[in-house]
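Here is the structure we will look at, set down as structure tokens.
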Amino acid sequence: MFLCPQERIAKCHGTQCGFCTPGMVMSLYTLLRNHPEPTLTQLNDALGGNLCRCTGYRPIINACKTFCKTSGCCQSKENGVCCLDQGINGLPEFEEGNETSLKLFSEEEFLPLDPTQELIFPPELMTMAEKKTQKTRIFGSDRMTWISPVTLKELLEAKVKYPQAPVVMGNTSVGPDMKFKGIFHPVIISPDRIEELSVVNYTDNGLTLGAAVSLAEVKDILANVTRKLPEEKTQMYHALLKHLETLAGPQIRNMASLGGHIVSRHPDSDLNPLLAVGNCSLNLLSKEGRRQIPLNEQFLRKCPSADLKPEEILISVNIPYSRKWEFVSAFRQAQRQQNALAIVNSGMRVCFGKGDGIIRELSIAYGGVGPTTILANNSCQKLIGRPWNEEMLDAACRLILDEVSLPGSAPGGRVEFKRTLIVSFLFKFYLEVSQILKGMDPVHYPGLASKNESALEDLHSRHYWSTLKYQNADPKQLSQDPVGHPIMHLSGIKHATGEAVYCDDMPVVDRELFLTFVTSSRAHAKIVSIDASAALSLPGVVDILTGEHLPSITTTFDFLTDADQLLSTDEVSCVGQLVCAVIADSEVQARRAAQQVKIVYQDLEPVILTIEEAIQNKSFFEPERKLEYGNVDEAFKMVDQILEGEIHTGGQEHFYMETQSMLVVPKGEDQEIDVYVSAQFPKYIQDITASILKVSANKVMCHVKRIGGAFGGKVTKTGVLVAITAFAANKHGRPVRCILERGEDILITGGRHPYLGKYKAGFMNDGRILALDVEHYNNAGAFLDESLFVIETGLLKLENAYKFPNLRCRGWVCRTNLPSNTALRGFGFPQAGLITEACITEVAAKCGLPPEKVRMINMYKEIDQTPYKQEINTKNLTQCWKECMATSSYTLRKAAVEKFNSENYWKKKGLAMVPLKYPVGLGSVAACQAAALVHIYLDGSVLVTHGGIEMGQGVHTKMIQAQAAFNESISLSATGYFRGYESNINWETGEGHPFEYFVYGAVCSEVEIDCLTGAHKNIRTDIVMDVGYSINPALDVGQIEGAFIQGMGLYTIEELNYSPQGVLYTRGPNQYKIPAICDIPMELHISLLPPSENSNTLYSSKGLGESGVFLGCSVFFAIHDAIRAARQERGLPGPLRLNSPLTPEKIRMACEDKFTKMIPRDEPGSYVPWSVPI
């Protein structure tokens, strides 16, 4: 039995690994219960708090859109043209009779949504609740008491008795502080049943909202008020609504209360700066009576004279109406458009008293620029009495920069960016008010300069539209043959219903223990002592393992790990290195004990964090890897021009939805042991477990049902974690479970390698690159892991789609004091390819040519040879490029972008087109081998056993589509074996045949940037891919777009921050932002090239899991194009060199203007920065 939302998400292919799917279903179900026919805006808002790492969101949105009343139109008017019009944004009509399909599912098959058939809340429970006498409830444990009063009297009595106890509604502030900061409250008071705290009163002066009203309810109330009252009365309400649209996600807004948000006084609060400038007041109550205090700077700074007393509670908040000639605006900039804490936010209010344009009142507040919300009172006071003109603006900027000062070492970093936003927001406020004044009195107030009008529009993406094009299955196929059809993921329904079982869903086993880790807090130090006595004395603690307890290990996969000790005993080389393992009866007891393990360190030098420091200290793991083709030195003598440059690419966290998870169960007989684990490489898990237990591999049974995402992060590190867990289970003869929390997982497991690429290119004036000398450095971290393999793969793939007749590339693996980095989707190519494309872009600028022309002139020409002398046929590369150029309407849109840029000073658009050649292979025959076992049972059912791991890519689904059929007269059991592709490379000669085949593609992306804030909007992306003969177009398209969105995150918003001491700050979704629904292109068009050649693969299909990540760099170069346009208009000289990721900070600071020049700058070396670029 399943419901409509579950069916549609599954059948629309909105699930891959499935770990996030129940959350998506519940968000959609909640929306439909409240709005059976939602609008697209409501749909986007409902899903705004959900994250998915696999799908890229498009199929989830398409599933949800089947419930919306829409015309089939994109509801977008980018470039002034609708999707249904032909021209700039229109796709060419598909020819009738063409053997292609445009849909991956049929809406006619779906169950209709019938709200009358939904489950109702049980009336019996409602009756019981009404009859039951309401009284204070008290819940307690050995450490904590939770009090839930039902009347104000009971609440006040509890507050007198426990004055330091926090008052909690949704627990969205106190809860995270307790979980992540270790803050402990022995008593918590929860007044969520007290009606007086949820009042909504409309008075003559404004609106009074109860402190317990949720932020979601505040949003609805304000939306209703703004519709009913005149605009001049609702200036503040409009501003609050603007911030409530992006504040957290709907799940948090449903729980968080207005009073809790205010009293928490977080430095980056979105609402407090607005409430502070709006003359709001707080109604307080205690046993002594009622009183009212202003929500002002003193309250926000927690000055005792202006704050709540310990026994007082906040009852309600007064938000006054605006007056005529009073204007209020809200501004914020975050790493991601929605559901992200602001880097800087602001509330601004001005009142002219009457229509003379003379400032009578002015109030400006900022969040994110200090330990609390900062009000620029002194500056505002000095500006009162001045006319609203550009001279006032210039004075205001300088006054506020002087008053709202940020030290260079300020927490959160991004200091110069924050200083720039302070004045950029002020400029936007000036323009907004000026425009309103002109509308009210056009005679006395001049219009805005035309170049400034573009500064007023926001960039938020609201509605999404997509198209797909793929080859139909062969009409000669038997009707029952599923190959080539978009079959739903085999576990799709189970994902959507929540019935799919992941490792941590497995029921508790009898006598089960829990294991957690104690990790190093130093980047490079000697371990002086480990004192576990306090931890061992705690109840429920069974054992604490150190490196001295564990034997050394050897596996047949030595290239995967060089850690002689799984737990460090003498020295640590990074923050997050495993030191101890704590085993206890429960997770709570284990984690509590882990905090009590005392480790004494003696710091060691040097602490090497960056690639530059590694180069300076000659800290490398292996000798350089080198590949050379042609005669580079001679070619440099023949060229017209030579340029040298470099680009840095940051790392990336895997951010799989399911963290590292394992359960190890000793069988108690013949030393056998079962390992249930979320891992990509069970053979390695089996080997390392057998090694540490000193048993043969056949004693270890490794079970992997499915994985909630992996992306390369569940191989080596998972093996280490399993080995320790298995040792503990074997030692105590009891099952042991280990589930990492998100922060632990990110800290311990590493991710994608940061890269430094240096290039020297020799080229002709027509853009032909004749000589290229490249150096790659990757930041491996403290241990080798797979870093050498990554650098080798990057070198073998660095030329991407281009034929460089003379090429020299060298690579070094840098040893640093960071957690060791490892495999991540794309495996070195996303970094190596970006370095090459950056070089191409700079060559184009030097030649005065469009980058796309230089890309085309240097592209492989059909039959050719790679730098490692492997023959290649790139016919499909050329075809992908031409088709992408046509379907994206590139030429028309390029002209439209240039026209837009000529008319808009503060907003710029960019367009970029990038080709893709992704070689597929693992460098050895053994690594490519595969086997399958097929059993046919007498009832006709079939069991297929194979070596693939289901982690969202649909491998089980494809295997079932490709299964063999047997006649009843032959054996009902059969095996198949594939020895592997011929794959080899000789690094001495630089020659070989490392890859079996190549995936080709092309991508075109268009963006718009806000030059004042650094925000960007992804307008449209067109992708054309050569996938061979697709076994399942739905799965293949899902892999392409999911990888593209992951790559887009890599190149734009996903940023890792480390302290100068090597401590990772970005350990969870609060600090590390992966793309959300608000980030995907408003238009996404994917086309699969019709198959044109047979290859030595199953059904001539191609593996697509890795290649699509690189397509995300088209967004990077589209932003680059937009920044170039901005700088060109401002007369700024080149060359323009931008590092990845291109965050709002980098975008804003590259768009230099009078505001970036106005801010104070700190001399390097005069302060200790909050973070260092890794």
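The values are calculated or read from the model by the stated rules, or taken from the named source; none is laboratory data. From a predicted model like this one, the values you see are computed outputs, not experimental measurements. Please note: Cβ atoms are built from the backbone with ideal geometry, for glycine as well, and neighbour counts cover all protein chains shown. We work out accessible area using only protein heavy atoms, side chains counted, and drop any ligands, DNA or RNA first. Shrake-Rupley method; radii C 1.70, N 1.55, O 1.52, S 1.80 Å.
Results, tabulated for the structure shown:
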read-out: Protein-only accessible surface order, largest first, of 785, 177, 510 at 1.4 Å; value: 510, 177, 785
read-out: Coordinate range along principal axes, alpha carbons of region 195-448, Å, largest first; value: 53, 46, 35
read-out: Translational diffusion coefficient (Stokes-Einstein; Kirkwood radius from C-alpha pairs) of region 483-619 at 20 °C, 1.002 mPa s, in µm²/s; value: 116
read-out: Computed lengthening from residue 124 to residue 196, 0.36 nm per intervening residue step minus Cα-Cα distance; value: 23.3 nm
read-out: Helix-only mean residue ellipticity at 222 nm for the chain, each DSSP H run of n ≥ 4 adding -39500 (n - 2.57), per residue, nearest 500; value: -8500 deg cm²/dmol
read-out: Partner lysines for residue 179 [C-alpha distance under 22 Å; skip if fewer than 8 residues away on the same chain]; value: 598, 1073
read-out: Kirkwood Rh in Å, taken over all unlike Cα pairs in the chain; value: 32.1
read-out: Residue-count net charge about residue 112 - beta-carbon cut-off 15 Å; Lys, Arg +1, Asp, Glu -1; value: -4
read-out: In region 1101-1174, trypsin sites (Lys or Arg not before Pro) in a DSSP loop with at most 14 other beta-carbon atoms within 10 Å; value: 1130, 1137, 1161
read-out: Rel. contact order, % - alpha carbon contacts under 8 angstrom, at least six apart, region 195-448; value: 17
read-out: Protection-proxy order for peptides 932-941, 298-307, 213-222, 252-261, each taking the mean of Cβ atoms within 10 Å per residue, highest first; value: 252-261, 213-222, 298-307, 932-941
read-out: Pairwise centroid distance, computed over Cα atoms, of region 883-946 with region 213-281, Å; value: 42
read-out: Zone of residue 758's modelled label, taken as backbone nitrogen in region 637-654 under 19 Å from a point 7 Å along Cα→Cβ; value: 642-650
read-out: Probe 1.4 Å - accessible area at residue 1099, Å² to nearest ten; value: 110
read-out: Gap separating the Cα centres of region 498-542 and region 982-1035, nearest whole Å; value: 41
read-out: Rounded accessible area of residue 875 (nearest 10 Å², 1.4 Å probe); value: 100
read-out: Residue 203 accessible area, assembled protein chains, probe 1.4 Å, Å²; value: 60
read-out: Share of pairwise Cα separations in region 133-189, more than 14 Å, in percent; value: 56
read-out: Reference-scaled alpha-carbon Rg (2.2 N^0.38 Å with N residues) for region 304-409; value: 1.27
read-out: Heavy-atom SASA rank of 607, 168 (probe 1.4 Å, accessible area, largest first); value: 607, 168
read-out: Highest-first arrangement of 1164-1173, 857-866, 51-60, where packing means the average Cβ count within 10 Å; value: 51-60, 857-866, 1164-1173
read-out: Ranked packing of 341-347, 877-883, most packed first, by mean Cβ within 10 Å; value: 341-347, 877-883
read-out: Kyte-Doolittle mean at least -1.0, axial Cα span of 30 Å or more - DSSP H helices of the chain; value: 415-440
read-out: Isotropically averaged projected area of region 873-1032, using the convex hull of Cα atoms (one quarter of hull area), nm²; value: 15.6
read-out: Listed residue pairs exceeding 25 Å between alpha carbons, taken from 760/853; 760/907; 882/1102; 418/1157; 233/907; 853/909; value: 760/907; 233/907
read-out: Partners for residue 287 among lysines (Cα-Cα distance below 21 Å; same-chain residues under 8 apart left out); value: 135, 153, 159, 161, 309
read-out: The chain: relative contact order in percent, alpha carbon pairs under 8 Å with at least 6 residues between; value: 13
read-out: Heavy-atom accessible area order for 419, 332, 511, largest first, 1.4 Å probe; value: 511, 332, 419
